[in-house]
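**Student:** To start, I am sharing the structure in question, which I have written as structure tokens.
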Protein chains: 2
Amino acid sequence: MSGPLSTRRLLETLAEPTRFRIVNCLSAAPLFVSDLQALLGVPQPTVSRHLRVLREVGVVRDTPIGQFVLYRLRRPAEPLGRLLAAALDAARDEPALRTERANAWTEGRRRAHQRTAPPVEGRSP
Amino acid sequence: MSGPLSTRRLLETLAEPTRFRIVNCLSAAPLFVSDLQALLGVPQPTVSRHLRVLREVGVVRDTPIGQFVLYRLRRPAEPLGRLLAAALDAARDEPALRTERANAWTEGRRRAHQRTAPPVEGRSP
DNA sequence: CTGACATATGCGCCAAAACGAATACAACGC
DNA sequence: GCGTTGTATTCGTTTTGGCGCATATGTCAG
């Protein structure tokens, strides 16, 4: 699974269930690795490895912030962008994915309101 | 990889390179197993097994004609139909897939005009 | 019925890839 | 400096799934 971005590569990338869950969450809000770890209930090394694949394919972009790394979705050039969009659109109909995405959105909003980085300072009661 | 039709299942199905080549060819014309075998240069059992997966997922429909079996593409219900369409659209930009699809189209036209290859239903002078 | 052809399936093998656990790396607070 | 925390990577193992080959099923021609 290597080479430049192709339909095949994008499909193989999205076909992995955990990876698609990550993409689904990121479609709701930019998230830190630790957020994804918590949202998906998956060990951190697994999250990092999947994020690496997604980054290599160009589906996500990473922004280091201190010791944290913020990941955000990145729409590929057409026509692959439409393929990704269609996959995410299909995910809207599936309860499990919908829930996870809602949680991701909440987490994103939470961070946007408190101007704190990841959960380090004042914890909400 | 089982259960009802889901985004995950469709993605997993299309992510397999040979399977996607089959879908790509079928998007140009309905074809017999032997056609696909020739077009893709792949052993017949491999073609049949991939077609089975595609059939189970509902991406293709099979029509036995004598000892032959004609396979045709079948668009899933929305929003998965759009996902399949987007994947096929992305394939239009890739030379290799484009060529195979052109060959598939030619084969389809050939059969529509002559009644040679696998004999179509008893329609004779 | 028999043999040839088209397609489907069962089985064993193998490779790609995901996982778990441990560890390395890097930035922060003290 | 130290330990702590967040993230990345390595290693070894396991699992999933595709393939080759042989064979079964089914259909037509003779």
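**Student:** How big is the gap, in Å, between the Cα center of the stretch A:27-79 and the Cα center of the stretch B:9-36?
**Tutor:** 31 Å
**Student:** Okay, moving on. DSSP loop trypsin sites (Lys or Arg not before Pro) in the stretch A:47-112 with at most 15 other Cβ atoms within 10 Å of their Cβ, which ones? List each step's numbers first, then the result.
**Tutor:** On the way: sites: A:R49, A:R52, A:R55, A:R61, A:R72, A:R74, A:R82, A:R92, A:R98, A:R101, A:R109, A:R110, A:R111; in loops: A:R74, A:R92.
Answer by residue number: A:R92.
**Student:** Can you give me the distance in nm between label points at B:R61 and A:W105, each placed 7 Å from the Cα along the Cα-to-Cβ direction?
**Tutor:** 3.6 nm
**Student:** Ignoring ligands, DNA and RNA, what accessible area per residue does the stretch B:7-108 give at 1.4 Å, in Å²?
**Tutor:** Details: 4520 Å² over 102 residues.
Per-residue accessible area for the stretch B:7-108 comes out at 44 Å².
**Student:** Let me ask something additional. Could you tell me the calculated FRET efficiency between A:F68 and B:E78, based on Cβ-Cβ distance and R0 = 45 angstrom, to the nearest 0.05? Numbers along the way, then the final one.
**Tutor:** Working: r = 39 Å, r/R0 = 0.86.
Once the sixth-power term is evaluated, E becomes 0.70.
**Student:** Quick one: label points 7 angstrom along Cα→Cβ at B:P64, distances to the other copies in nm, smallest first?
**Tutor:** Relative to the other copies, B:P64 has label-point distances of 6.3 nm.
**Student:** Leaving out ligands, DNA and RNA, calculate the buried accessible area for the pair A and B with a 1.4 Å probe, summed over both sides, in Å² to the nearest 100.
**Tutor:** Working: alone 7420 and 7430 Å², together 13240 Å².
For A against B, buried area totals roughly 1600 Å².
**Student:** Right, here's the next one. What percentage of the solvent-accessible surface of the protein assembly as shown, computed with a 1.4 Å probe over protein heavy atoms, is contributed by carbon and sulfur atoms?
**Tutor:** Working: 6720 of 13240 Å².
It is 51 percent, rounded to a whole number.
**Student:** Which value in nm describes the separation of the simple spin-label points at A:H113 and B:H113, placed 7 Å from the Cα toward the beta carbon?
**Tutor:** Roughly 6.8 nm, to one decimal.
**Student:** Which of the helices in chain B, when you take each full DSSP H run, stretch at least 15 Å along the axis at their Cα atoms and have an average Kyte-Doolittle score of -1.0 or higher?
**Tutor:** Values: long enough: B:44-57 (20 Å, -0.47); B:80-91 (17 Å, 1.32); B:95-113 (27 Å, -1.55).
Going by DSSP H runs, the hits are B:44-57, B:80-91.
**Student:** Next question, about the same structure. Can you tally the net charge around A:F20? Count Lys and Arg as +1, Asp and Glu as -1, for every other residue whose Cβ sits under 12 Å from the Cβ of A:F20. Display every interim value, and only then the final one.
**Tutor:** On the way: positive: A:R19, A:R21, A:R101, B:R8, B:R9; negative: A:E12, A:E16, A:E94, A:E100, B:E12.
Neighbour charge sum, excluding A:F20 itself: 0.
**Student:** Threshold 10 Å², probe 1.4 Å: give the residues of the stretch B:60-101, in number order, that are less accessible with all protein chains present than with their chain alone.
**Tutor:** Residues meeting the cut-off: B:P79, B:R82, B:L83, B:A86, B:A87, B:D89, B:A90, B:D93, B:E94.
**Student:** Here's a follow-up. What percent does the relative contact order of chain A come to when contacts are Cα pairs within less than 8 Å and at least six residues apart?
**Tutor:** Numbers: 124 pairs, mean separation 37.5, N = 125.
Value for chain A: 30 percent.
**Student:** Quick one: what do you get for the protein assembly as shown if you divide its Cα Rg by 2.2 N^0.38 Å? Each step should come with its number before you reach the end.
**Tutor:** Values: Rg = 21.9 Å, N = 250, 2.2 N^0.38 = 17.9 Å.
For the protein assembly as shown, the normalised Cα radius of gyration comes out at 1.22.
**Student:** Here is a follow-up. How big is D, in µm² s⁻¹, for the stretch B:7-108 by Stokes-Einstein at 4 °C and 1.567 mPa s if Rh is the Kirkwood radius over C-alpha pairs? Before the final figure, lay out the partial values.
**Tutor:** Details: Rh = 13.5 Å.
Here the translational diffusion coefficient equals 96 µm²/s.
**Student:** Shortest first and in nm with one decimal, please list how far the A:E94 label point sits from its counterparts in the other copies (point 7 Å along Cα→Cβ).
**Tutor:** Computed spacing set for this position: 2.1 nm.
**Student:** Moving on. What FRET efficiency would be calculated for the residue pair B:R98, A:D93, taking the C-beta separation as r and a Förster radius of 41 Å, to the nearest 0.05?
**Tutor:** On the way: r = 31 Å, r/R0 = 0.76.
Given R0 = 41 Å and the Cβ-Cβ separation, E is 0.85.
**Student:** Based solely on its DSSP helices, what 222 nm [θ] is calculated for the protein assembly as shown when runs of n ≥ 4 H residues each add -39,500 (n - 2.57) and the sum is averaged over all residues, nearest 500 deg cm²/dmol?
**Tutor:** Numbers: 12 runs with 144 residues, N = 250.
Computed ellipticity for the protein assembly as shown at 222 nm equals -18000 deg cm²/dmol.
**Student:** What are the distances, in nm and sorted shortest first, from the label point of A:R75 to the label points of the same position in each other copy, with each label point placed 7 Å from Cα along the Cα-to-Cβ direction?
**Tutor:** 2.2
The values are calculated or read from the model by the stated rules, or taken from the named source; none is laboratory data. Worth saying up front: this structure is predicted, and the values here are computed from it rather than measured. With ideal geometry, Cβ positions are generated from the backbone for all residues, glycine too; neighbour counts draw on all protein chains shown. With ligands, DNA and RNA removed, areas are computed over all heavy atoms of the protein, side chains included. Shrake-Rupley method; radii C 1.70, N 1.55, O 1.52, S 1.80 Å.
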